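I have placed the structure first, in the form of structure tokens, so that the comments after it can refer back to it.
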Amino acid sequence: YDLITASDVFIYIGEVSKQLAACADALNESGLLAVSFQLLKEKECEGECHGWEFRRWGTFFHTKSYIDAVAKANNLKTVVYREFSPRLENDEEVDGQIYVFEKIVG
């Protein structure tokens, strides 16, 4: 594929390495993956945190460093990164992050 998108999909998965690997495998050389995650701030990731945590509202939040590491391990280069609020939950803004990755070969 030249482009894969996943918005509000990975919020239901904690360990996303297999899913990002599958996306990377499906992309053509220089293909793009546009994906969103809920943002877990690094300072909030303590104890048993592995770069992601199950949080209120029954969804997962991921640290930027965790997503960056998984992407790098799968030959995905970040070409766009933005922090944003994808929605309100109980009148509170949810912290989010959006990436556009490019598959690199070689």
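The values are calculated or read from the model by the stated rules, or taken from the named source; none is laboratory data. Here the structure is a predicted model, which means the values were calculated and not measured. Don't worry about glycine lacking a Cβ; one is built from the backbone with ideal geometry, like all the others, and counts go over all protein chains shown. Areas reflect the complete protein model, heavy atoms only, side chains present, ligands, DNA and RNA absent. Shrake-Rupley method; radii C 1.70, N 1.55, O 1.52, S 1.80 Å.
Using alpha carbons only, how many degrees (0 to 90, rounded to 10) separate the axis of helix 17-26 from the longest principal axis of the chain?
30 degrees
Could you work out what % of the accessible surface of the chain is carbon and sulfur, using a 1.4 angstrom probe and leaving DNA, RNA and ligands out of the count? Walk me through the numbers before you get to the answer.
On the way: 3110 of 6170 Å².
Here it works out to 50 percent.
Hull surface divided by four, with the convex hull built on the Cα atoms of the chain: how many nm²? Don't jump to the answer; show the numbers that get you there.
Numbers: hull surface 25.9 nm².
Quarter of the Cα hull surface area: 6.5 nm².
Filter the GluC sites (Glu not before Pro) in segment 21-67 to those in DSSP coil with at most 13 other Cβ atoms within 10 Å of their Cβ, and list the result.
Numbers: sites: 29, 42, 44, 46, 48, 53; in loops: 29, 46, 48.
Within segment 21-67, the qualifying GluC sites (Glu not before Pro) (loop, at most 13 other Cβ atoms within 10 Å) are 29, 46, 48.
Let me make sure I get this right: for segment 27-74, a, b and c are the square roots of the gyration tensor eigenvalues over alpha carbons, sorted descending. Under 1.5 in a/c it's rounded, otherwise prolate if a/b > b/c, else oblate. Which is it?
The shape class here is prolate.
Kindly report the accessible area of segment 7-52 per residue (heavy atoms of protein chains, probe 1.4 Å, no ligands, DNA or RNA), in Å².
Per-residue accessible area for segment 7-52 comes out at 54 Å².
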